[in-house]
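Asker: To start, I am sharing the structure in question, which I have written as structure tokens.
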There are 2 protein chains.
Amino acid sequence: MTSETEEKALRYRRAQSVSKAEEITEQEKRVRKLQLDKPIHTPRDSLFSWSSEFNNFTGLVNWGFLMLSVGGVRLGLENFLKYGLRVNPFEWFIVLTGYNEGTSSQYPSFILIVFSIVPIVISLLIEKGIAVDFLPEKFGVGLQIFNMFFLVSLPVVVLNFKGNDFSFVGITSVCMLYLIIFLKLWSYTQTNFWCRSGLKKKYLDNKLRRQSLSAPNWKSKEDLINDSPAAAKLTKYPDNLNLKDLFYFMLAPTLCYELNYPRTDRIRKRFVIKRLLELIFGVNLVLALFQQWMIPTIINSVDTFAKMDPIRITERLLKLAVPNHLLWLCFFYLTFHSFLNLMAELLQFADRKFYGDWWNANNISTFWNSWNMPVHMWAVRHVYKPITGLGYTKFFAGIVVFAISALFHEYLVSVPLQMFRIWAFLGMMAQPPLAIISRHAEVRLGPRWGNIMVWSSLILGQPLAIMMYFHDYAMLHFKPVQ
Amino acid sequence: MTSETEEKALRYRRAQSVSKAEEITEQEKRVRKLQLDKPIHTPRDSLFSWSSEFNNFTGLVNWGFLMLSVGGVRLGLENFLKYGLRVNPFEWFIVLTGYNEGTSSQYPSFILIVFSIVPIVISLLIEKGIAVDFLPEKFGVGLQIFNMFFLVSLPVVVLNFKGNDFSFVGITSVCMLYLIIFLKLWSYTQTNFWCRSGLKKKYLDNKLRRQSLSAPNWKSKEDLINDSPAAAKLTKYPDNLNLKDLFYFMLAPTLCYELNYPRTDRIRKRFVIKRLLELIFGVNLVLALFQQWMIPTIINSVDTFAKMDPIRITERLLKLAVPNHLLWLCFFYLTFHSFLNLMAELLQFADRKFYGDWWNANNISTFWNSWNMPVHMWAVRHVYKPITGLGYTKFFAGIVVFAISALFHEYLVSVPLQMFRIWAFLGMMAQPPLAIISRHAEVRLGPRWGNIMVWSSLILGQPLAIMMYFHDYAMLHFKPVQ
């Protein structure tokens with residue numbers, strides 16, 4: 001007998017024995033049903049036993065969100081009972097404008113915001129100068145770079161001389177605005193440079209081809225497409241170099257300059273009103289949460305941080321993590337959905353991809369590539385691609401992007417606090433190694449654990465950085481009594 | 001032209017215009033790609049805009065559980081910092097045994113637990129008496145009912161005379177045990193009654209048939225099946241009336257008496273050890289959580305409840321809801337999975353369905369039908385079906401089941417607290433109306449909202465009832481200083 005027939009015989013015998021066993025239980029069942037004691041028990045496993053193979057726990061999702069709500073409502077009530085109502089719109093006014101009876105009423109933040117128009121106009125003049133051959137190109141680009149660095153240094157210098165006149169919110173807004181203008185002017189300069197290089201290259205190419213073909217009117221495929229009606233509507237270099245175009249770019253919700261943006265047909269009034277209401281309601285909510293929840297928690301933590309007791313610091317950190325994270329979520333929605341969509345609708349700007357679905361990100365790189373699309377697109381177009389274009393590796397280009405991003409984060413924190421530490425820089429530079437770890441977690445443990453790592457670093461990493469700065473700031477300004 | 005051809009023409013024109021529009025955008029895209037400014041923007045919607053039709057928020061589930069963990073760990077740390085380590089195994093010993101230097105060292109709970117054997121044996125003697133025609137059936141059943149009510153009244157009477165000798169945990173255990181024995185004896189009496197009626201009916205039937213057929217050895221189909229080898233192995237009335245059978249039923253993890261339970265082939269040692277370890281670890285965890293978390297919270301609430309301030313009471317209630325719910329979940333797992341499976345494995349009892357998947361229940365009836373299967377099966381077999389069998393409606397039978405269940409809950413709470421209130425009874429009687437409301441929620445708003453209602457009533461309803469009793473208990477024993 002071959003092994004195959006043996007196997008067949010074995011399978012047949014097994015099938016028979018199974019059906020026999022089933023027959024017995026069937027008969028037993030019938031016999032049991034006829035018993036007079038109305039039996040109801042049958043052999044079966046508990047659901048939590050592995051052998052039951054039961055795995056439907058969908059109800060636990062609702063349980064989780066309900067427990068979260070119960071905890072949230074209780075926290076709110078406890079806060080209210082402990083601190084009373086701390087929300088005070090008049091205080092917002094003082095914080096936002098920096099108006100205070102004690103200081104000279106000069107509003108330096110406002111002056112700096114208006115002054116930002118000057119470097120913008122200078123940038124346009126330099127580009128115009130290059131375009132009409134008034135300035136040599138290399139010298140012009142050098143001037144542009146000088147102009148941009150003058151721009152970002154201005155708040156630092158002004159703060160050094162007139163620091164006491166600034167409110168914290170005022171100087172933070174100025175730094176943010178100046179940084180955005182810096183990134184926009186970088187894009188403006190580089191894009192105009194690409195246009196000039198492209199035109200030169202095309203001119204030389206066509207000249208060479210016409211000479212070699214001895215056809216004075218020879219046109220490339222690209223030239224033919226560019227003569228189409230669709231192309232005729234597009235603005236071409238150097239027609240773009242005017243104030244209207246530059247100010248549209250400055251207001252548009254993007255950091256990447258283009259000569260022809262995709263536009264929408266009309267402004268939807270209902271859409272504008274919805275975004276506006278979201279902004280008004282949301283900003284008030286954020287300020288109220290900040291006054292009622294964040295500030296008392298931070299003030300309560302000063303002593304703890306002076307004493308450096310690790311258990312108490314962990315408790316404070318976790319306590320701060322919840323309101324901080326909720327405020328960050330509100331801030332994200334208000335900035336990236338409400339505000340940028342409002343600006344885009346008013347300017348009929350059609351590209352609304354201001355954020356990807358970072359909440360589903362399975363590793364930290366995906367998160368950084370999708371939570372802030374304007375900066376991501378800028379970094380890819382103006383840093384990453386130019387560097388890889390020069391022949392460097394993608395890994396190196398990625399590290400450069402993170403380093404530049406880290407510098408900007410440090411700038412946004414250190415300048416307003418007037419305190420140069422490197423916590424923000426280190427926090428950003430910890431992201432590439434974390435990205436590698438989270439990528440491993442995703443591959444080894446499954447996408448769910450990658451996503452959990454992303455959320456953890458978001459919920460815990462931010463308050464950790466805030467606490468670092470707060471500790472140093474408290475040590476500097478309110479020294480503990482010895 | 002018929003309307004059909006018109007429609008066709010319209011559809012054709014529409015299709016053409018669509019393809020034309022697509023053609024234009026295709027050409028525009030190609031033209032844009034060839035521009036020198038490396039454009040990257042394309043018209044697209046933000047993900048949160050309705051028009052984007054994006055709805056993948058799976059990452060938020062991980063977010064929810066992470067926020068819950070952060071809150072949990074912080075609460076634990078805060079509790080530890082506030083109260084220090086309260087876990088004290090020696091105190092458990094005092095609470096569990098009722099041992100205390102001040103009281104007479106008599107252990108009345110222990111004596112009552114051992115005494116429970118007496119009514120069990122009496123019940124067997126009565127059944128035996130009926131079976132051998134020593135007692136008339138009606139008188140015997142009357143004796144059984146008297147015996148059962150004597151059983152449940154015993155703790156109440158003893159407590160009335162020797163109340164100070166009992167620990168709270170001790171008297172609760174006694175009440176629980178006596179109630180379980182009550183339910184088991186009910187099932188024992190009723191099942192034996194069914195067997196007797198069934199035998200009588202069969203005997204009369206067969207006699208009639210044999211007379212009419214004039215075939216003295218005539219056997220019904222049922223009789224033939226009962227002569228099969230499968231039936232021969234089964235115990236039949238009145239062979240079941242012995243001590244071994246009754247004590248097996250008393251120890252078995254079921255409230256429903258049967259003459260022949262489904263049995264397993266062997267005792268799995270690994271399974272027993274796992275359940276035993278779960279029990280040892282779990283009971284210690286529950287006691288630790290109780291000492292560390294529940295007791296300080298309850299003690300802190302006395303003053304609040306005396307003052308009857310609704311906001312503060314809500315805050316206390318929500319604060320109590322979290323540990324209470326977690327303790328209940330631990331208790332559920334330890335009782336219904338670890339303990340009952342351990343007993344079943346040791347007794348080779350094969351039916352392990354001690355609970356259904358109540359965590360997915362979409363309405364409150366489903367929850368009550370699946371969280372406690374031994375009681376559910378008992379209620380269906382011994383209350384619901386007999387009542388519907390008498391011709392009453394299902395609705396009426398359901399209400400009776402809930403009323404009996406409510407009485408038992410009240411018994412388990414009022415007797416140990418020595419304080420007759422009706423909060424537990426009212427809480428249980430609120431379940432049928434709640435079931436109707438949750439059923440509406442399930443149908444109108446979808447199953448997810450039904451499930452949320454089930455969890456809410458579980459998380460908030462329990463601490464509400466506890467608080468009611470606690471308020472009355474505190475008012476009675478520690479009167480607030482006026």
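The values are calculated or read from the model by the stated rules, or taken from the named source; none is laboratory data. Everything numeric in this text was worked out from a predicted model, so none of it was measured. Don't worry about glycine lacking a Cβ; one is built from the backbone with ideal geometry, like all the others, and counts go over all protein chains shown. Remember, those area values only see protein heavy atoms, side chains included, never the ligands or the DNA or RNA. Shrake-Rupley method; radii C 1.70, N 1.55, O 1.52, S 1.80 Å.
Asker: Do the conditions hold for A:Gln292, that is, is it in contact (Cβ under 8 Å) with a residue 40 or more places away in the chain, out of contact with any Leu (no Cβ under 7 Å at 6 or more places or on another chain) and surrounded by 17 or more Cβ atoms within 10 Å (Cβ to Cβ)?
Answerer: Details: in contact (Cβ under 8 Å) with a residue 40 or more places away in the chain: yes; out of contact with any Leu (no Cβ under 7 Å at 6 or more places or on another chain): yes; surrounded by 17 or more Cβ atoms within 10 Å (Cβ to Cβ): yes.
Yes, satisfied.
Asker: Here is a further query. Can you find a residue that is at pLDDT 85 or above and open to solvent by 20 Å² or more (accessible area, probe 1.4 Å) anywhere in segment B:211-230? Steps first, please.
Answerer: Of segment B:211-230, the ones at pLDDT 85 or above are none.
Scanning segment B:211-230 turns up no residue that is at pLDDT 85 or above and open to solvent by 20 Å² or more (accessible area, probe 1.4 Å).
Asker: Follow-up. Suppose the filter is within 25 Å of B:Ser187 (Cβ to Cβ), surrounded by 14 or more Cβ atoms within 10 Å (Cβ to Cβ) and not assigned by the TED database to the domain that holds B:Thr235; does B:Asn341 pass it?
Answerer: So B:Asn341 fits the description; yes.
Asker: While we're here: Select from segment B:48-77 the residues that are under 16 Å from A:Leu75 (Cβ atoms) and more than 7 Å from chain A (Cβ to nearest Cβ) and list them in ascending order.
Answerer: The first filter runs over segment B:48-77 and keeps only residues under 16 Å from A:Leu75 (Cβ atoms), leaving B:64, B:67-77.
Hits for segment B:48-77 are B:Ser69, B:Gly72, B:Leu75, B:Gly76.
Asker: From (1) of a type in the set (Val, Ile, Thr); (2) free of Cβ contacts under 8 Å to residues at least 12 places away in the same chain; (3) touching a Ser or Thr at 6+ places or on another chain (Cβ under 6 Å), pick out the condition that doesn't hold for A:Val174.
Answerer: Just one mismatch for A:Val174, condition (2).
Asker: To continue, here is another question. Can you go through B:Tyr384, B:Tyr333 and tell me which one is of a type in the set (Ser, Thr, Tyr), more than 11 Å from every other protein chain (Cβ to nearest Cβ) and open to solvent by 40 Å² or more (accessible area, probe 1.4 Å)? Spell out how you get there, then give the answer.
Answerer: Values: B:Tyr333 fails: more than 11 Å from every other protein chain (Cβ to nearest Cβ).
Within the list B:Tyr384, B:Tyr333, the selection yields B:Tyr384.
Asker: Please find, among A:Ile452, A:Ile459, A:Ile404, A:Ile466, the residue that is closer than 20 Å to A:Met294 by Cβ, β-branched (Val, Ile, Thr) and modelled with pLDDT of 90 or more.
Answerer: Values: A:Ile452 fails: closer than 20 Å to A:Met294 by Cβ; A:Ile404 fails: closer than 20 Å to A:Met294 by Cβ; A:Ile466 fails: modelled with pLDDT of 90 or more.
Of A:Ile452, A:Ile459, A:Ile404, A:Ile466, the one residue that is closer than 20 Å to A:Met294 by Cβ, β-branched (Val, Ile, Thr) and modelled with pLDDT of 90 or more is A:Ile459.
Asker: Picking from B:Val169, B:Val174, which residue would you name as being more than 14 Å from chain A (Cβ to nearest Cβ), in contact with a Leu (Cβ under 6 Å, 6 or more places away or on another chain) and surrounded by fewer than 19 Cβ atoms within 10 Å (Cβ to Cβ)? So that I can check it myself, show each step before the final result.
Answerer: Values: B:Val174 fails: surrounded by fewer than 19 Cβ atoms within 10 Å (Cβ to Cβ).
When all the criteria are applied, what remains is B:Val169.
Asker: Can you pull out the residues in segment B:256-282 that are more than 22 Å from B:Leu246 (Cβ to Cβ) and outside any helix (DSSP H, G or I)? Spell out how you get there, then give the answer.
Answerer: Going residue by residue through segment B:256-282, those that are more than 22 Å from B:Leu246 (Cβ to Cβ) are B:265-266, B:268-282.
Scanning segment B:256-282 gives B:Asp265, B:Arg266, B:Arg268.
Asker: Further question on the same structure: Spot the failing condition for A:Met475; the list is (1) open to solvent by 80 Å² or more (accessible area, probe 1.4 Å); (2) out of contact with any helix residue (DSSP H, G or I) (no Cβ under 7 Å at 6 or more places or on another chain), and only one is missed.
Answerer: Here A:Met475 clears every test but (1).
Asker: When you check A:Ser457 against the structure, is it open to solvent by less than 80 Å² (accessible area, probe 1.4 Å), touching a residue at least 12 places away in the same chain (Cβ under 8 Å), of a type in the set (Ser, Thr, Tyr) and closer than 26 Å to A:Pro310 by Cα, yes or no?
Answerer: Working: open to solvent by less than 80 Å² (accessible area, probe 1.4 Å): yes; touching a residue at least 12 places away in the same chain (Cβ under 8 Å): yes; of a type in the set (Ser, Thr, Tyr): yes; closer than 26 Å to A:Pro310 by Cα: yes.
So A:Ser457 passes the test.
Asker: How many of the residues in segment B:175-209 are more than 18 Å from B:Leu251 (Cα to Cα) and either among the aromatic types (Phe, Trp, Tyr) or in contact with a Pro (Cβ under 6 Å, 6 or more places away or on another chain) (or both)? Walk me through it before giving the result.
Answerer: To start, the set of residues in segment B:175-209 that are more than 18 Å from B:Leu251 (Cα to Cα) comprises B:190, B:192-209.
Now drop any that are not either among the aromatic types (Phe, Trp, Tyr) or in contact with a Pro (Cβ under 6 Å, 6 or more places away or on another chain) (or both), which leaves B:193-194, B:203.
Residues flagged as more than 18 Å from B:Leu251 (Cα to Cα) and either among the aromatic types (Phe, Trp, Tyr) or in contact with a Pro (Cβ under 6 Å, 6 or more places away or on another chain) (or both) within segment B:175-209 amount to 3.
Asker: Select from segment B:309-325 the residues that are facing chain A (nearest Cβ under 9 Å) and within 30 Å of A:Ser46 (Cβ to Cβ) and list them in ascending order.
Answerer: B:Ala321, B:Val322, B:His325
Asker: Could you tell me whether B:Tyr384 is touching a residue at least 12 places away in the same chain (Cβ under 8 Å) and over 22 Å from A:Ile40 (Cβ atoms)? Can you show your working first?
Answerer: On the way: touching a residue at least 12 places away in the same chain (Cβ under 8 Å): yes; over 22 Å from A:Ile40 (Cβ atoms): no.
The answer is no for B:Tyr384.
Asker: Okay, next question. More than 10 Å from chain A (Cβ to nearest Cβ), farther than 28 Å from B:Leu251 by Cβ and open to solvent by less than 30 Å² (accessible area, probe 1.4 Å): does that describe B:Gly398?
Answerer: Working: more than 10 Å from chain A (Cβ to nearest Cβ): yes; farther than 28 Å from B:Leu251 by Cβ: yes; open to solvent by less than 30 Å² (accessible area, probe 1.4 Å): yes.
Yes: the conditions hold for B:Gly398.
Asker: Six or more apart or on different chains, Cβ atoms under 8 Å: show the pairs whose first residue is in segment B:133-154 and in the same structural domain as B:Tyr237 (by the TED database) and within 21 Å of B:Val114 (Cα to Cα) and whose second is not basic (Lys, Arg) and not in a helix (DSSP H, G or I).
Answerer: Pairs that qualify, where the first residue is in the same structural domain as B:Tyr237 (by the TED database) and within 21 Å of B:Val114 (Cα to Cα) and the partner is not basic (Lys, Arg) and not in a helix (DSSP H, G or I), are B:Leu151/B:Ser116.
Asker: Also: If we only count helices (runs of 4 or more DSSP H) wholly inside segment A:106-204, which ones have 1 or more residues that are within 29 Å of A:Val286 (Cα to Cα) and out of contact with any Gly (no Cβ under 9 Å at 6 or more places or on another chain)?
Answerer: Working: elements: A:108-115, A:117-131, A:137-162.
Ranges flagged: A:108-115, A:137-162.
Asker: Also, quick follow-up: In segment A:140-177, which residues are aromatic (Phe, Trp, Tyr) and closer than 28 Å to A:Val375 by Cα?
Answerer: Pass one, segment A:140-177, residues aromatic (Phe, Trp, Tyr): A:146, A:149-150, A:161, A:166, A:168.
Scanning segment A:140-177 gives A:Phe146, A:Phe149, A:Phe150, A:Phe166, A:Phe168.
Asker: Here's something else I'd like to know. Which of (1) within 30 Å of B:Phe395 (Cβ to Cβ); (2) modelled with pLDDT under 90; (3) among the hydrophobic types (A, V, I, L, M, F, W, C) is the odd one out, the single condition B:Leu289 does not satisfy?
Answerer: (1)
Asker: Let me ask you something else. When both residues are 6+ apart or on different chains and their Cβ atoms are under 9 Å apart, which pairs have a first residue that lies in segment B:399-422 and is not assigned by the TED database to the domain that holds B:Ile181 and among the small types (Gly, Ala, Ser), and a second that is in a helix (DSSP H, G or I) and open to solvent by 40 Å² or more (accessible area, probe 1.4 Å)?
Answerer: Within 9 Å, the pairs are B:Ala403/B:Phe425; B:Ala403/B:Met429; B:Ser405/B:Trp368; B:Ser405/B:Val375; B:Ala406/B:Phe425; B:Ala406/B:Leu426; B:Ala406/B:Met429; B:Ser414/B:Phe425.
Asker: Could you tell me which residue of segment A:75-122 is nearest to A:Leu179 (Cα to Cα), considering only residues that are modelled with pLDDT under 80 and among the aromatic types (Phe, Trp, Tyr)?
Answerer: This residue is A:Tyr107.
Asker: Right, another one. So which pairs qualify, if the first residue must be in segment B:217-246 and within 12 Å of chain A (Cβ to nearest Cβ) and of a type in the set (Phe, Trp, Tyr), the second must be assigned to a loop (DSSP other than H, G, I, E, B) and surrounded by 16 or more Cβ atoms within 10 Å (Cβ to Cβ), the Cβ gap must be under 8 Å, and the two must be at least 6 apart or on different chains?
Answerer: B:Tyr237/A:Leu36; B:Tyr237/A:Asp37; B:Tyr237/B:Leu259
Asker: Moving on. Can A:Ser51 be described as outside any loop (DSSP other than H, G, I, E, B) and polar (S, T, N, Q)? Give the steps one after another, and end with the answer.
Answerer: Working: outside any loop (DSSP other than H, G, I, E, B): yes; polar (S, T, N, Q): yes.
In short, yes.
Asker: Then there is this: When you scan segment B:361-379, do you find a residue that is exposed (fewer than 15 other Cβ atoms within 10 Å of the Cβ) and within 11 Å of chain A (Cβ to nearest Cβ), even just one?
Answerer: Going residue by residue through segment B:361-379, those that are exposed (fewer than 15 other Cβ atoms within 10 Å of the Cβ) are none.
The answer is no; no qualifying residue exists.
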